[in-house]
Amino acid sequence: MKNSARWGWLTAVVLLLLLGTAVRFYCLDCQSFWNDEGNSARLSERSIQLILEGTASDVHPPLYYLLLRGWRELVGETEFGLRSLSAFLGVLTVGTTLAVGRFWFNRPVALMAGLLVAISPPLIYYSQEARMYSLLGWLSLLSLWWVGQFFIHFHPLPEPVEGKPPTATISASTSSAGVVVVGIILTAVAGLYTHYSYPATLVALNLIVALWLGWRLWHKQPLRLPLAQWVGAMIITFLLYLPWLPIFLRGTGGRPPAQTPLLDFLQSAAHWLVVGATGEPDERAVGIVLLFFVAALLPLFVLRQPLTRRGDDPSWALWLTLFVPLGAMAAVGATDGSYHKFMTGLVPLVWLLTAVGVVKLWRTAPAYDRWVLPRDLSHMVYTAVYLLTLFTLSYLASPLWFSLQNLYHNPDYAKADYRGMAAQIRAEAHPDAGIILNAPNQWEVFTYYYNEEETPIYPLAQTRLDEATVATELSQIAAQHSRLYALFWGEAERDPERLVERWLDANAFKAVDEWRGDVRFVVYAVPPATATEPEVQVNLPVGEGITLHGYALNDADDFRPGDILQLTLFWQTSQPLEARYKVFVHLLDYTGALVAQRDSEPVGNLKPTNTWAVDELVVDNHGVLLPSTLPAGDYAVQIGLYEV
């Protein structure tokens, strides 16, 4: 019977590891690198010394980049190769969850938590990203494993008592105290050199050990040796991190106070921990997990048998490890959604506590027959609890499934497609093109896909943008090219007044403006000079109060397939406008069939009609990209307005 249970356990472990591997390596290179991954790819190309120097001025410590530097030597520098390090660490996280669950609780808790971690959307998401968050998650969980080993070494489990039912809790560790201490030190140092959020986890672990030592003192158990070994481990950890400590203090200081209310932060954090950034705005998943959290707090006296052989409940350590980092994030102001990825190490804790709640519900149900209830009613009560547990677990599968579907296949949740943008620019092969990057940290990821020798690339000024700097720099760039590709990212922080786009829209002709993930891909034609007055006067009323005074069409007789038609419209309104209108520019062949078009609000979407001043002359440039297969001939241009 014992061998059968062991083989069943091993089979389940292997199946969960295979599941975790499959979902992490599936479609690993389907999406392009985004900005931060590009930084990882380019930084890991450097020597060890240059990596250390680069990360000293970065917002992350060097360990992940050093590991990636060695990893790329083994597997190459492709998207799949560089991301496979995170995927491998994600699989280790599944295995470590199984180990922690079995060691701290029992096999049912371990298997349930292992399954939930294997299919966890946020953990899969960061297992498919060439960043340090998968490493952070694994090291945070591994730290908890070593703390458990530390407890067991100084508080071994009692031997099984004959006549009592066996439990699935593993036996006490036979490792020496030295191995445990070395494991604690190495894991803690690795965590500190991986991410600046790890110190909060280390604080939680120290609180756990302090409470455990206090419990030993209360029960008059030997305290000197475990206290000396733990304090010694922390001192060595501090000394090994001391060379980097000034960089840590410089990199984490000066954060502005939190703008997100605490309850809103906790709500958004709970949603992210369960379904991740690709989850639908549906609160049912969070509610289900909270239900099991409540179940995890059920008192032990209603259980027929405890979850551990000692009869204790170590869930308190998980709660502490979960909430101390959340409190630290709230305290330092890291409550915006962009910081949720710092919580990657907390996701396994959520699922471990959920698994504890499931197992407690399952084992509590038969205990209701201890209550003074009729036999049939007691049977109905625990049957209902069983059914409720099964139904709730099955209901949780739906939000997780849709989150994974969004992660793999929904373009609305896709990363920025720098690979696709680079491929399009290369395919068009315009002989006189230039590429503008509005944020300097786009350079690393874009040049991963595109060689600067193919087309000049212009990362804009490193300092904060101002109108004079923008005008000077863009004037110099535009003078060298007849076509510009602009990749706009992070404008809310980088260029909130959209100075770059305003200059380009006033001095060039926007023909393409589309989102590629969270990056806008914009194509401009740059004329020798832009029209300041109409070439053709029409004075045509268009809608109530709006007049088209005239237009100018650059090089109307000399367009070729793949060129950009350049049309300037001159608008005016005689009254304030409440409605917003889009301008459409259609190119029609001799049969009246539509062959090309562009629709946008005036001045590249930057000057909606409801912002026009009365009698103001609005100069509105429009570009229309001509299809590369467009046959030669005469074409008509049709323009008009429609309400947004």
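Think of a 1.4 Å ball rolled over the protein heavy atoms: segment 543-644 then has 50 Å² of accessible area per residue.
Would you mind finding the longest exposed-site-free stretch of the chain, with exposed chymotrypsin sites (Phe, Trp or Tyr not before Pro) meaning DSSP loop and at most 10 other Cβ atoms within 10 Å?
Details: sites that count: Trp371, Tyr590.
Here the longest run is 1-370.
Extension gain, Ala468 to Glu491: 0.36 nm times the residue separation minus the Cα-Cα distance gives 6.5 nm.
The amide H of Arg483, built 1.01 Å from its N in the peptide plane, has Gly434, Val526 as neighbours under 5 Å, considering only residues 5 or more places off or on other chains.
Select from segment 390-464 those GluC sites (Glu not before Pro) which occupy a DSSP coil region and have at most 13 other Cβ atoms within 10 Å, ordered by residue number.
On the way: sites: Glu428, Glu444, Glu452, Glu453, Glu454; in loops: Glu452, Glu453, Glu454.
When the GluC sites (Glu not before Pro) of segment 390-464 are filtered for loop state and at most 13 Cβ neighbours within 10 Å, Glu452, Glu453, Glu454 remain.
Regarding segment 1-134, what's the average projected area of the Cα-atom convex hull, expressed in nm²? Can you show the working numbers first?
Values: hull surface 36.9 nm².
About 9.2 nm², averaged over all directions.
Roughly how compact is segment 442-497, stated as its Cα Rg over 2.2 N^0.38 Å to two decimals? Walk me through the intermediate numbers first.
Working: Rg = 12.2 Å, N = 56, 2.2 N^0.38 = 10.2 Å.
Normalised Cα radius of gyration, segment 442-497: 1.20.
The simple spin-label model puts a point 7 Å past each Cα toward its Cβ; for Cys30 and Val536 those points are separated by 4.8 nm.
Considering only alpha-carbon pairs that sit under 8 angstrom and 6 or more positions apart, the relative contact order computed for segment 448-533 is 30 percent. In the chain, the DSSP beta bridges split such that about 85 percent are antiparallel, to the nearest 5.
If each DSSP helix of 4+ residues adds -39,500 (n - 2.57) and the sum is divided by the residues in the chain, what number results at 222 nm, nearest 500 deg cm²/dmol? Spell out each step's value before the answer.
Working: 22 runs with 326 residues, N = 644.
Helix-only estimate at 222 nm: -16500 deg cm²/dmol.
Report relative contact order for the chain in percent, whole number only (criteria: Cα-Cα under 8 Å, sequence separation at least 6). Write down the numbers at each step before the final one.
Working: 1022 pairs, mean separation 74.8, N = 644.
Relative contact order here is 12 percent.
Give the range of the longest stretch in the chain that excludes all trypsin sites (Lys or Arg not before Pro) found in loop regions by DSSP and having at most 10 other beta-carbon atoms within 10 Å. It works out to 221-463. Averaging the sequence gap over all C-alpha pairs within less than 8 Å and six or more residues apart, then dividing by the number of residues, gives segment 521-644 a relative contact order of 28 percent.
In the assembled protein chains, Leu50 presents an accessible area of approximately 80 Å² (probe radius 1.4 Å). Averaging Cα coordinates gives a centre for segment 544-581 and one for segment 419-470; these two points are 29 Å apart. Of the complete DSSP H runs in the chain, those spanning 27 angstrom or more by Cα along the long axis with a mean Kyte-Doolittle score not below -1.0 are 2-25, 79-104, 133-154, 198-218, 375-409. Specify which labelled value, from (i) 1.69; (ii) 1.13; (iii) 1.21, agrees with Cα Rg over 2.2 N^0.38 Å derived from the coordinates of the model shown. Only one listed value fits the structure, namely (iii).
The values are calculated or read from the model by the stated rules, or taken from the named source; none is laboratory data. The shown structure was predicted, so the numbers you read here are calculated from the model rather than taken from an experiment. Using ideal geometry, Cβ is built from the backbone for each residue, glycine included, and neighbour counts are taken over all protein chains shown. Just the protein is used for accessible areas: all its heavy atoms, side chains included, with ligands, DNA and RNA removed. Shrake-Rupley method; radii C 1.70, N 1.55, O 1.52, S 1.80 Å.
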